[in-house]
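Data block below; observations after.
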Amino acid sequence: MKHEQRPNFAVIGTRPPRFDAAEKATGQARFGPDTDLPRLLHGKVLRSPHAHARILSIDTRRAAAYPGVYAVITAADLPANASLASGEGEVDTGLKYRCDNTLAGDKVLYAGHPIAAVAASDPHTAEQAVRLIEVEYERLPAVMDVLDAMREDAPLLHENLRTRSLAGTSETPSNVASHSQFLKGDPERGFAEADVIVERAFRTATVHHNYLEPHATTATWGPDGVLTVYPTTQGAFGCRDQIARLLCYPMSKIRVVPTEVGGAFGGKSTSYLDSLAALLSRKAGRPVKMVMTRAETLLGTGPTPGTAIRVKIGARADGRITAAQAELCYEAGAYPGATLWGGMGVVLAAYDIPHGQIDGYDVVVNKPKTVTYRAPGATPPVFAVEQVVDELAEKVGMDPIAFRLLNRAREGTRRVNGSTHSSVSSREVLEAVQAHPHYSAASGGPHRGRGVAYGHWGNHGGVSSCTLGINPDGTVSLVTGSVDVSGTRTSLAMQAAETLGLPLDRIRPSVGDTDSVGYTQASVGSRTTVSTGMAVATAAREAIAQMRARAAALWDLPPEAVSYRMGTFAAKQDDSLQMTFAELAAQLPRTGGAITAVGNVNVREVGGSFGAHIVDVEVDPETGKVTILRYTAVQDVGRAVHPGEVEGQMQGAVVQGIGWALYEGYAYDEQGELLNPTLLDYKLPTALDVPSIETVIVEVPYPKHLYGVRGVGETPIMPPPAAIANAIYRAVGVRVYELPMTPGRILQAMGVI
């Protein structure tokens, strides 16, 4: 369902098959574990069984002597200057943490922390050798919860970590890496003006992306000293940069060739195995492939932060919000750097708040280092704010959507974090919800409820590059630096075809490696179709200009005397002089040679996206089981380049949001051992748990993009937990403030247990 009349595009807005569909459907696509090189060895990692322990000794002699073993590495094999200092001779704390997360040095900081790695003739031999490595530990107290870690008497993960804040750096060590604060207006005054105030505390669990394909990589050194790596990654250049820094090796001698990606959602923007495989390969003198098991993926790669959030919002009796405060405490895992920036950016962003304050705490705990996951850091605060907003609407006697429409962010609204909203589509999205038949339909029975939630994500721009080549047969080769994690080869080719005025089947898109295309940031933050799309359009326009000059030379005219429209070049003053794109391409060899156009962009401004969801649930009052009956997701996407891909992004994010809401979360014992390290125990929603998800595409084109495109993939994961929580409240009359909202927690809230 679309919300706006579309302009007349030839390619954009159509639903062609994805370019990678046939290869993936037939099993011909090459993913990370499929890489196979001559004389290939296989690598395995020894991981810590303890959440917090000092390493007293590591003995690798038995493993190194085991038949079939070619190399064993520990932290001692990392270049000393990588873990100690930057190029200026000063301690580079961030790099030190990355090195320690690659291979533990003096301490292990989470169960699953890599300690050593082995390369052997086959995976089974490598596994056997890993078991022969002897490590002596001194167990230390573990801290597994963000609020426990913030206590002054909490066990310290890093003796040299100090809290950074606006006031400076603390003198005493702490597990709180940073305290950030945004302030707008006078919150005390705002709350004094309120007739109704709601304040609630929320908790959310550590959640993993659970992509189908585990992390995998293959590394090999050439005789010329060039290291070639074939990783499963969201960004070939970021992978190259991390390897170069960790190994202190020239970037010019590292080539990263990205493979197909079997799911990522932000979790493959961090390199885990690549440097290990490279070190093993260099030591063994042969290529080394490493593939994680599912348990290793859950134990040893970054999940989302667990959080503790407190939200306080006040409103007048007429429904107008007067003030809001939010405190966000985020688990960073074993090393600083939680996705706190995302949470602080969205927590109050969907509303016009006259007086507000946001405090954020980045806190280390004995869990794997957290990483980005679809709208990084944003889902927990939306879960909190949208429940408080729902309570406020009820207390002042307003319809939930009417309350949000009254308080929505508008064009020019200054957010609590100081930035200003522009190109705002909140009204269009909320009115689409209000007008949708789902919103006004009867609930249909007892213990059923309907909930809504609403959110905003700012999206991301960044650096992108592409190369566009004109072939003599009139086809166009399009090489981009963006790894395709969501069908972007197709959406980018569609923008190229639209700009060039050619049928889509004339475009041949591919993903380049780090030696074949310009620097491009990772495919994260819903930036690829937007930013790399701008690079593609830039290159396409340059190609047309070069082609126009060739046509002008053939006709002995100046280039400005030649026009181009929908695949045909023509002399503006002579209708008899016309030539198709393909006809001119065939003559390139005799008019000056090949034409190659390059598009390089650094996109600083992008259009944010608003989304709102409606969900109906039924709650069994005896068991607490929640059944989702109906789901509708509404979102402004700017311009849907490929509506089918847009719908898939929205539906996929909703399914993940349902997982956050009802099922997913890491479970640890008191010693920090993960109790659900496989998908037998880590619960995910299945096809039986998810209804058909209706999507409503609202199109408010972003004016600074050639085709009005906004990012799509982040926004739709934000509303589901809050919408489901609000629906549960209307079904059984109680609110649940902790994720996941399991049957047990629902029954506890109901007072049944």
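The values are calculated or read from the model by the stated rules, or taken from the named source; none is laboratory data. As the structure is a computational prediction, the values presented were derived from the model and not from experiment. Methodologically, a virtual Cβ is constructed for each residue, glycine included, from the backbone with ideal geometry; neighbour enumeration extends over all protein chains shown.
So, of the residues in the stretch 262-291 that are surrounded by fewer than 24 Cβ atoms within 10 Å (Cβ to Cβ) and of a type in the set (Val, Ile, Thr), which turns out to be modelled with the highest pLDDT?
Per the stated criteria, the residue is Val291.
Tell me which of these Ala539 doesn't satisfy, since it passes every other one: (1) at pLDDT 95 or above; (2) over 25 Å from the mean Cα position of the chain (by Cα); (3) surrounded by fewer than 24 Cβ atoms within 10 Å (Cβ to Cβ).
(3)
Among the residues of the stretch 551-565, which ones are surrounded by 21 or more Cβ atoms within 10 Å (Cβ to Cβ) and part of a helix (DSSP H, G or I)? Working first, answer last.
Kept after step one, since they are surrounded by 21 or more Cβ atoms within 10 Å (Cβ to Cβ), are these residues of the stretch 551-565: 551, 562.
The answer is Ala551, and nothing else.
Within the stretch 142-168, track down each residue that is assigned to a helix (DSSP H, G or I) and touching a strand residue (DSSP E or B) at 6+ places or on another chain (Cβ under 8 Å). So that I can check it myself, show each step before the final result.
Going through the stretch 142-168, the residues assigned to a helix (DSSP H, G or I) turn out to be 146-149.
Within the stretch 142-168, Val146, Leu147, Ala149 qualify.
Of the residues that make up the stretch 314-322, is at least one in contact with a Leu (Cβ under 6 Å, 6 or more places away or on another chain) and either of a type in the set (Phe, Trp, Tyr) or assigned by TED's automatic domain parsing to the domain that holds Gly238 (or both)?
Taking the stretch 314-322 first, the residues in contact with a Leu (Cβ under 6 Å, 6 or more places away or on another chain) are 315, 319.
Filter again for either of a type in the set (Phe, Trp, Tyr) or assigned by TED's automatic domain parsing to the domain that holds Gly238 (or both), leaving none.
No: the stretch 314-322 contains no residue that is in contact with a Leu (Cβ under 6 Å, 6 or more places away or on another chain) and either of a type in the set (Phe, Trp, Tyr) or assigned by TED's automatic domain parsing to the domain that holds Gly238 (or both).
So, Gly624, is that one assigned by TED's automatic domain parsing to the domain that holds Asp556 and outside any helix (DSSP H, G or I) or not? Before you say what the answer is, go through the steps one by one.
Working: assigned by TED's automatic domain parsing to the domain that holds Asp556: no; outside any helix (DSSP H, G or I): yes.
Spelling it out, it is not the case that Gly624 is assigned by TED's automatic domain parsing to the domain that holds Asp556 and outside any helix (DSSP H, G or I).
Quick grid of which residues meet (1) surrounded by fewer than 21 Cβ atoms within 10 Å (Cβ to Cβ); (2) touching a residue at least 60 places away in the same chain (Cβ under 8 Å); (3) under 30 Å from Leu674 (Cβ atoms):
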{"site": "Gly356", "(1), (2), (3)": "no, yes, no"}
{"site": "Ala375", "(1), (2), (3)": "no, yes, yes"}
{"site": "Gln387", "(1), (2), (3)": "no, yes, yes"}
{"site": "Asp390", "(1), (2), (3)": "no, yes, no"}
{"site": "Ala393", "(1), (2), (3)": "no, yes, no"}
{"site": "Ala402", "(1), (2), (3)": "yes, yes, no"}
{"site": "Thr413", "(1), (2), (3)": "yes, yes, no"}
{"site": "His436", "(1), (2), (3)": "yes, yes, no"}
{"site": "Gly451", "(1), (2), (3)": "no, yes, no"}
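Exactly one of (1) surrounded by 14 or more Cβ atoms within 10 Å (Cβ to Cβ); (2) modelled with pLDDT of 95 or more; (3) within 39 Å of the chain's Cα centre (by Cα) is unmet by Phe569. Its number?
Every condition holds for Phe569 apart from (3).
Answer yes or no as to whether Ala332 is in a loop (DSSP other than H, G, I, E, B) and farther than 26 Å from Thr695 by Cβ.
Details: in a loop (DSSP other than H, G, I, E, B): no; farther than 26 Å from Thr695 by Cβ: yes.
Considered against the rule, which asks whether it is in a loop (DSSP other than H, G, I, E, B) and farther than 26 Å from Thr695 by Cβ, Ala332 comes out as no.
Condition first: of a type in the set (Phe, Trp, Tyr), within 20 Å of Gln387 (Cα to Cα) and not in a strand (DSSP E or B). Now tell me which residues in the stretch 178-224 satisfy that.
Taking the stretch 178-224 first, the residues of a type in the set (Phe, Trp, Tyr) are 182, 191, 202, 211, 221.
So of that shortlist, the ones also within 20 Å of Gln387 (Cα to Cα) come out as 191, 202.
Matches in the stretch 178-224: Phe191 only.
Given the conditions (1) among the polar types (S, T, N, Q); (2) modelled with pLDDT under 95; (3) part of a strand (DSSP E or B); (4) closer than 27 Å to Gly652 by Cβ, which single one is not true for Ser576?
(4)
Among the residues of the stretch 255-266, is there at least one that is over 20 Å from the mean Cα position of the chain (by Cα) and assigned to a strand (DSSP E or B)?
Filtering the stretch 255-266 down to residues over 20 Å from the mean Cα position of the chain (by Cα) leaves 255-257.
Among the residues that remain, those that are also assigned to a strand (DSSP E or B) are: 255-256.
Yes.
Would you say Thr532 is surrounded by fewer than 17 Cβ atoms within 10 Å (Cβ to Cβ) and within 45 Å of the chain's Cα centre (by Cα)? Lay out the reasoning, then the answer.
On the way: surrounded by fewer than 17 Cβ atoms within 10 Å (Cβ to Cβ): no; within 45 Å of the chain's Cα centre (by Cα): yes.
Considered against the rule, which asks whether it is surrounded by fewer than 17 Cβ atoms within 10 Å (Cβ to Cβ) and within 45 Å of the chain's Cα centre (by Cα), Thr532 comes out as no.
Considering Ser281, Ser269, which residue is part of a loop (DSSP other than H, G, I, E, B) and either touching a His at 6+ places or on another chain (Cβ under 7 Å) or touching a residue at least 60 places away in the same chain (Cβ under 8 Å) (or both)? Can you show your working first?
Values: Ser281 fails: part of a loop (DSSP other than H, G, I, E, B).
Ser269 is the lone residue from the list that is part of a loop (DSSP other than H, G, I, E, B) and either touching a His at 6+ places or on another chain (Cβ under 7 Å) or touching a residue at least 60 places away in the same chain (Cβ under 8 Å) (or both).
Test of understanding: among Gly533, Gly592, which residue is in contact with a helix residue (DSSP H, G or I) (Cβ under 7 Å, 6 or more places away or on another chain) and at pLDDT below 95? Quick ask: steps written out before the conclusion?
Values: Gly533 fails: at pLDDT below 95.
Gly592 is the lone residue from the list that is in contact with a helix residue (DSSP H, G or I) (Cβ under 7 Å, 6 or more places away or on another chain) and at pLDDT below 95.
Among the candidates Lys395, Lys369, single out the residue that is basic (Lys, Arg) and either within 24 Å of the chain's Cα centre (by Cα) or modelled with pLDDT under 95 (or both). Break it down into steps so the answer makes sense when it comes.
Numbers: Lys395 fails: either within 24 Å of the chain's Cα centre (by Cα) or modelled with pLDDT under 95 (or both).
That would be Lys369, the only listed residue that is basic (Lys, Arg) and either within 24 Å of the chain's Cα centre (by Cα) or modelled with pLDDT under 95 (or both).
Being in a loop (DSSP other than H, G, I, E, B) and either of a type outside the set (Gly, Ala, Ser) or touching a Phe, Trp or Tyr at 6+ places or on another chain (Cβ under 7 Å) (or both) narrows it down to one of Leu688, Leu684, Leu629, so name that one. If you could, list the steps in order and put the result at the bottom.
Values: Leu688 fails: in a loop (DSSP other than H, G, I, E, B); Leu629 fails: in a loop (DSSP other than H, G, I, E, B).
Residue meeting the stated conditions: Leu684.
Read through the list (1) surrounded by fewer than 17 Cβ atoms within 10 Å (Cβ to Cβ); (2) in contact with a Lys or Arg (Cβ under 8 Å, 6 or more places away or on another chain), then give the number of the only condition that Val619 fails.
(1)
Rundown of residues vs (1) of a type in the set (Ser, Thr, Tyr); (2) within 25 Å of Gly525 (Cβ to Cβ), yes/no style:
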site	(1), (2)
Ser281	yes, no
Arg286	no, no
Pro303	no, yes
Thr322	yes, no
Cys329	no, yes
Ala332	no, yes
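Taking the stretch 55-82 on its own, how many of its residues are under 17 Å from His113 (Cβ atoms) and surrounded by 14 or more Cβ atoms within 10 Å (Cβ to Cβ)? Working first, answer last.
So in the stretch 55-82, the residues under 17 Å from His113 (Cβ atoms) come out as 55-58, 60, 73-78.
Next cut, surrounded by 14 or more Cβ atoms within 10 Å (Cβ to Cβ) only: 55, 58, 60, 73-75, 77-78.
Going through the stretch 55-82 one residue at a time, the tally reaches 8.
Which is in a helix (DSSP H, G or I), modelled with pLDDT of 95 or more and of a type outside the set (Asp, Glu), of Ala317, Ala384?
Just a single option satisfies the conditions, and that option is Ala384.
Determine if the stretch 597-612 includes at least one residue that is closer than 30 Å to Leu688 by Cβ and part of a strand (DSSP E or B). First the steps, then the outcome.
At the first step, the residues of the stretch 597-612 found to be closer than 30 Å to Leu688 by Cβ are 611-612.
From what is left, the residues that are part of a strand (DSSP E or B) are 611-612.
Yes, because at least one residue in the stretch 597-612 is closer than 30 Å to Leu688 by Cβ and part of a strand (DSSP E or B).
Asp36 fails exactly one of the following numbered conditions: (1) more than 28 Å from Gly112 (Cβ to Cβ); (2) surrounded by fewer than 17 Cβ atoms within 10 Å (Cβ to Cβ). What is the number of that condition?
All conditions pass for Asp36, except number (1).
Do any residues in the stretch 219-237 that are within 12 Å of Ile254 (Cβ to Cβ) and not assigned by TED's automatic domain parsing to the domain that holds Met292 have Cβ atoms under 7 Å from those of residues that are modelled with pLDDT of 95 or more and in a loop (DSSP other than H, G, I, E, B), where the two are at least six apart or on different chains, and which pairs are they?
none
Quick test for you: out of Glu670, Glu664, pick the one residue that is in contact with a His (Cβ under 8 Å, 6 or more places away or on another chain) and either free of Cβ contacts under 8 Å to residues at least 40 places away in the same chain or not aromatic (Phe, Trp, Tyr) (or both). It would help to see each step written out before you state the result.
On the way: Glu670 fails: in contact with a His (Cβ under 8 Å, 6 or more places away or on another chain).
Exactly one of Glu670, Glu664 is in contact with a His (Cβ under 8 Å, 6 or more places away or on another chain) and either free of Cβ contacts under 8 Å to residues at least 40 places away in the same chain or not aromatic (Phe, Trp, Tyr) (or both), namely Glu664.
Has the stretch 302-318 got at least one residue that is surrounded by fewer than 23 Cβ atoms within 10 Å (Cβ to Cβ), of a type outside the set (Asp, Glu) and out of contact with any strand residue (DSSP E or B) (no Cβ under 8 Å at 6 or more places or on another chain)?
Within the stretch 302-318, none of the residues are surrounded by fewer than 23 Cβ atoms within 10 Å (Cβ to Cβ), of a type outside the set (Asp, Glu) and out of contact with any strand residue (DSSP E or B) (no Cβ under 8 Å at 6 or more places or on another chain).
Sort out for me the helices (runs of 4 or more DSSP H) sitting completely within the stretch 37-105 that have 1 or more residues that are modelled with pLDDT under 95 and under 22 Å from Thr370 (Cβ atoms).
80-84, 93-102
Of Arg139, Arg200, which residue is of a type in the set (Lys, Arg), touching a strand residue (DSSP E or B) at 6+ places or on another chain (Cβ under 7 Å) and surrounded by fewer than 16 Cβ atoms within 10 Å (Cβ to Cβ)? Give the derivation first.
On the way: Arg200 fails: surrounded by fewer than 16 Cβ atoms within 10 Å (Cβ to Cβ).
That would be Arg139, the only listed residue that is of a type in the set (Lys, Arg), touching a strand residue (DSSP E or B) at 6+ places or on another chain (Cβ under 7 Å) and surrounded by fewer than 16 Cβ atoms within 10 Å (Cβ to Cβ).
Being over 17 Å from Ala177 (Cα atoms), outside any loop (DSSP other than H, G, I, E, B) and among the small types (Gly, Ala, Ser): is that true of Ala326 here? Step through it out loud before you land on a result.
On the way: over 17 Å from Ala177 (Cα atoms): yes; outside any loop (DSSP other than H, G, I, E, B): yes; among the small types (Gly, Ala, Ser): yes.
Spelling it out, Ala326 is indeed over 17 Å from Ala177 (Cα atoms), outside any loop (DSSP other than H, G, I, E, B) and among the small types (Gly, Ala, Ser).
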